[in-house]
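Read through the structure below, which is laid out as structure tokens, and then see the notes.
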Amino acid sequence: MKLIRILILVLCSFHLFAQEDLMKELQKSEKPETDYATSTFKGTRLVNGQTVETKGKGALEFIFAHRFGAINTGIYNFYGLDNAHVRIGLEYGLTDRLGVSIGRSSEDKTIDGFLRYKVLRQSTGVVNIPVTITAYGNAACKTSPAKADATYPITLTDRMAYTGQLLIARKFSSQFSMQLMPTVVHKNTVDKSIEKNDQVLLGLGTRTKVTRSMSLTAEYYYRFDVMDTNPYYNAAGLGMEFETGGHVFQLVLSNTQGINERALLTEATGNIGKGAIHLGFNVTRTFQLKKQK
Amino acid sequence: MKQLLVVLLVGTGVVAYGQKYASEKSLVSFYSHAAIEDIAAKTTKASSIFNVATGEIVFSIPIKDFDFAKSLMKEHFNEKYMNSEKIPKSTFQGKITGFQIDAAGAQQAKATGKLTIHGITKDIDVPGTVEFANGTVIVKSSFIVKLEDYEIMRPQLLWKNIAEQVEVKIEFTYKPI
């Protein structure tokens, strides 16, 4: 009889722990899943260059980018504000991984189009991948000078330039992400005394989240095998980004005024040491055209 | 004496194992009406175990799996409001009372227990229904969650997209384990 009493007591005490046990049982029964890193970067631009981020399916991003002239051009040019370059662009998410974009920059009256595709997604769990990789391809057409104004019989082929990038990023924590950007720029027609048709670069960029809605970004592109006569500089930039609702606002300081890859990566004119820094901003607004299920 | 022991052991064995149900299907959604735009999201990835003999119930909802109409909403929800990288799950552990096993139709019942959202645990007491049908059990409930209670930040006035509270609906269909 005593035994039964003890048994009942023991069983009752089991019941006290039953909810905890049930939770453990639930956790045990859950299938291991793959956890994908999201929001490695806030937007599709780091400073001037691209990030691994793609727009979600059915999302359309309107981007308005603006680069003023160099700050060291003095009061006569209102410290660069008189002389601005603009790019207006649209990017659309065909799928969660594939984006397509078209844009126009005022510098050299360039029209550009690009595709980006997220090849790999950083994840932990069942599938363990350390980095996110996005392939990026851009074709740009300089429509300036007009045919009548050109000093040589310029063709459409002469006007074209192409950029290919592999964007490799890792989100180390919710505060810090880093990206490597091996890049090739091909220009169909160049001044052979200063540059080659094919130029290879390696970029490095970071994003550090300061508050819930504000982060600091930085990027630097190193150009390999540059000719001694080349007048351009390696592109470098710092950014500060704010997010409010559907807008991302980035304030940019860099030594390159171009906004299209050809110009910004291989034709940076600013000597940072002499204060040739351009102030600029990127403003994006995202519209969801197609609702997700 | 020995017989009694055997009966007791077998009996408790049934209580411990025979009456437990695991969720086979689930739908958890929330909705909030706000000045600028309504926010709605749902997931089918929640899981639950329900012990019909004791009424004990636990469930767990992976936050990152909530799907929204807009991809940007999902990003904001995870990044800015729920901090889902650090707090990946919301859970409930408690007890359902006021239902009878195998009674016909949907029975009004009450759940009491601890709801944990955004890492904050609160005691809640919510109404719902329990229904036994064809060997399955269906549990449904709908309740209001105040964002403030769970220390979920609300955005500034200018971009007031999220209301102060959201209506959460849960629905689990269980099969015996």
Task: Filter result for A:ALA148 (without any contact (Cβ under 8 Å) to a residue 24 or more places away in the chain and over 22 Å from A:SER254 (Cβ atoms)) - done: yes
Task: Residue within the stretch B:80-97 that is in a loop (DSSP other than H, G, I, E, B) and in contact with a Pro (Cβ under 9 Å, 6 or more places away or on another chain) present - done: yes
Task: Leading residue by the ranking (nearest to the other protein chains (Cβ to nearest Cβ)) among those in the stretch B:89-114 that are of a type in the set (Ser, Thr, Tyr) and under 13 Å from the mean Cα position of the chain (by Cα) - done: B:THR91
TODO: Go through the stretch B:76-88 and give me each residue that's facing chain A (nearest Cβ under 7 Å) and crowded, with 18+ Cβ neighbours inside 10 Å.
DONE: B:ASN78, B:GLU79
Open item on the list: Can you say whether A:GLN179 is buried (at least 16 other Cβ atoms within 10 Å of the Cβ), under 30 Å from A:ASP96 (Cα atoms) and at pLDDT below 95, as far as the supplied structure shows?
Closed with: no
Open item on the list: Can you tell me how many residues within the stretch A:102-116 are in a strand (DSSP E or B), touching a residue at least 24 places away in the same chain (Cβ under 8 Å) and either out of contact with any Phe, Trp or Tyr (no Cβ under 8 Å at 6 or more places or on another chain) or within 12 Å of A:ARG87 (Cα to Cα) (or both)?
Closed with: 6
Open item on the list: Let me confirm something: among B:ILE162, B:ILE117, which residue is more than 9 Å from chain A (Cβ to nearest Cβ), buried (at least 18 other Cβ atoms within 10 Å of the Cβ) and modelled with pLDDT under 90?
Closed with: B:ILE162
- [ ] Please specify each residue of the stretch A:73-88 satisfying the condition of being surrounded by 15 or more Cβ atoms within 10 Å (Cβ to Cβ) and assigned to a helix (DSSP H, G or I).
- [x] A:THR73, A:ASN77, A:TYR79, A:GLY80
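The values are calculated or read from the model by the stated rules, or taken from the named source; none is laboratory data. All of these numbers come straight from a predicted model, not from anything done at the bench. Reconstructed Cβ throughout: ideal geometry from the backbone, glycine too, with neighbour counts over all protein chains shown.
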